[in-house]
1. Scan the range B:128-140 and tell me whether some residue there is among the β-branched types (Val, Ile, Thr) and farther than 30 Å from A:Asp30 by Cβ.
2. Check the range B:4-18 and report whether any residue there is assigned to a helix (DSSP H, G or I), over 18 Å from B:Asp234 (Cα atoms) and more than 14 Å from chain A (Cβ to nearest Cβ).
3. Might you check whether a residue that is in a helix (DSSP H, G or I), surrounded by fewer than 15 Cβ atoms within 10 Å (Cβ to Cβ), in contact (Cβ under 8 Å) with a residue 12 or more places away in the chain and within 14 Å of chain A (Cβ to nearest Cβ) occurs anywhere in the range B:144-157?
4. With B:Leu227, B:Leu247, B:Leu258 as the choices, which residue is touching a helix residue (DSSP H, G or I) at 6+ places or on another chain (Cβ under 9 Å), hydrophobic (A, V, I, L, M, F, W, C) and within 14 Å of chain A (Cβ to nearest Cβ)?
5. Taking only pairs six or more apart or across chains, which ones have beta-carbon atoms under 8 Å, a first residue in the range B:241-260 that is within 18 Å of B:Gly220 (Cα to Cα) and in contact (Cβ under 8 Å) with a residue 12 or more places away in the chain, and a second residue that is outside any helix (DSSP H, G or I) and among the basic types (Lys, Arg)?
6. Suppose we filter A:Val119, A:Val209 for residues that are more than 30 Å from A:Ile269 (Cα to Cα) and crowded, with 24+ Cβ neighbours inside 10 Å; which single one remains?
7. Hey, does the range B:119-140 have a residue that's away from every other protein chain (no Cβ under 14 Å) and at positive phi?
8. Kindly indicate the residue of the range A:203-223 that is more than 9 Å from chain B (Cβ to nearest Cβ) and over 24 Å from the mean Cα position of the chain (by Cα) and also farthest from B:Gln121 (Cα to Cα) among those meeting that condition.
Amino acid sequence: MTHLAKFLGATAALAISAGAALADPALVFDLGGKFDKSFNESAHNGATRWAEETGNSYAEVELQSDAQREQALRRFAEAGNNPIVTVGFSFMTPLEEIAADYPDTKFVIVDGVVDQPNVRSVIFNEHEGSYLVGQMAAMASESGTVGFIGGMDIPLIRKFACGYAQGAKSVNPDITVLSNMTGTTPAAWNDPVKGSELTQAQISQGADVVYAAAGGTGIGVLQTAADQGILSIGVDSNQNYLQPGKVLTSMVKRVDNAVYDAFEAGTEIETGINVMGVNNEGVGIAVDEHNEALVTEEMTAAVEDAKAKIASGEIEVHDYMSDESCPSLDF
Amino acid sequence: MDFLTLLQVLDTTIRLATPLLLACLAGLFSERAGIFDIGLEGKMLASAFLTAAVAAVTGSVLIGTAAGIGAALMLSGIHGLASITFRGNQLISGVAINFLAAGLTVVIAQSWFGQGGRTPQLSGSARFETIDLPLAGEMRGDIPFIGPIYAELISGHSLLVYIGLLAVPVTWWVLFRTRFGLRLRAVGENPAAVDTAGISVVGLRFAAVAICGLLTGLAGAYLSTGLQAGFVKDMTAGRGYIALAALIFAKWRPWYALGACLLFGFLQALALRPDVIESTLGFEVGVQLLDALPYILTVVILAGFVGRAIPPRAGGEPYVKER
């Protein structure tokens, strides 16, 4: 028994030292999986872009259950992978626990904050991106009414709504911004039927552009908007392709850039909080072949102008989560 | 609230009430035969997925619906096997079906289409189109009051809405006017008596569970191909449970079920229009309260404040011939 334990210990030590020499970065996807057409796929794109450009390799794993989070992180840390990038706020708890056990390994969490000396927390200024699409919505609207449909009623989603309303009102101070939340339970993220009906309700109140920040519920919003002949705005990843020619644009969070930057910095990565906003291409609008015809030159000019002003601090987009209030929209 | 807004809210009511109604009638058949069915939610979900998936692959919503009904029937079969043949606990079997459907749909969708547990967006003949009833366009403008009601409210729904509404009188007729219905109700009240009369308890209960599968299959198909154009994970969003609440609210009767589902649908439709509530009542009503009302009303009914809801007497108990 003792022999076995010693032997195992020796191989483990060997494995650690052998792994440490490699120092490949690692990427841990969340439960949605690598090809979820959203968050995780964006992370995957960033990693492959890095691998293609540098010719280096990286390790990755797709989780199958919540229980594997900690296990996967420990496996990579012990194998010497560095830095280890995790995608999604669900990694906050496991990272809090294990980061201190591997002080020489750098961890990155996208979309969450972990207060440990060897963790970089990447968060996005969603309100700034929402401001940009709010401007576009107001310019595309002919009725003077635009809508917002959120998923679960949480501060993060109100942050989207607040930035959107501020952006819309910057273009047209008299514009009406309708705002509805799908619900107050996690089921609100996956209720496209209710998303559709909320869209119908907003259309009957005069809205002709709706912005959906509602996860799976947003699929219903985009669908109904397309069926009823109004414009919609997607969120998180580029959703323009879902209803080609009917989605004005998408407010994208550049998770791929976050992953790319982390891999690029390697073991020398800066820890602490890393804010991705419009100033460092962290959030933005999506323009591709599906919505080119909808985006006018004035919109592009206004968005570029606002980007510059937000980056320079001339325009300050209100962050709902900073004080739990919103000057441009009543909830 | 002006007339047109009222019509819009009622129109939404019908759309939201239809999946509840189909699921509620499904539960009615099953529970009247003495098989409690918590698994309505799971069966709807499985059907919603397979309908959308097969419709996406074949391009035909009818083939999709047939597949969806097949999926719901299969889960019904599992429920029947567990709770009728093997005399297991009906509630546990139902809960298991819900979990099974919630997990399997996403896993299969992911490996089939690779779009994050979704099916592709459907278009054209892969969706149930809305049906404009004859003369709807002419009546809208020509006849005051009745015209808009006919054109906006009654016309312009998908086929499954009309099937759902038609299912109410059919259910009533089958349960209360046919020999099969009498036996089915008897098997839920006193299976021993039915057995004594030489009629198969197991056969009747399986028939009831199969009808339940058929109706939940239609409900799921309506969700993913009538109201939506594709499947999204967990898209039933608790409608199976609201249908169960409606079933209790309706005291296990078909016409009452129609009323209960329309009422619950109306509450859901109102919750979508906080502006209308405020302008009509003059004060704000929390959306959460409206969402919770179906459950509150059901508890009130169950507590016996407004009439009494008496479930089928042999409900929930497996039938054992000899002890």
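What follows draws every value from the coordinates through simple rules; no lab data is involved. These figures come from a predicted structure and were not determined experimentally. Backbone-built Cβ (ideal geometry, glycine too); neighbour counts: all protein chains shown.
1. Yes, some residue in the range B:128-140 is among the β-branched types (Val, Ile, Thr) and farther than 30 Å from A:Asp30 by Cβ.
2. no
3. Scanning the range B:144-157 turns up no residue that is in a helix (DSSP H, G or I), surrounded by fewer than 15 Cβ atoms within 10 Å (Cβ to Cβ), in contact (Cβ under 8 Å) with a residue 12 or more places away in the chain and within 14 Å of chain A (Cβ to nearest Cβ).
4. On inspection, the qualifying residue turns out to be B:Leu227.
5. Close Cβ pairs satisfying both conditions: none exist.
6. Working: A:Val119 fails: more than 30 Å from A:Ile269 (Cα to Cα).
That would be A:Val209, the only listed residue that is more than 30 Å from A:Ile269 (Cα to Cα) and crowded, with 24+ Cβ neighbours inside 10 Å.
7. Checked the range B:119-140: at least one residue is away from every other protein chain (no Cβ under 14 Å) and at positive phi.
8. That would be A:Gly206.
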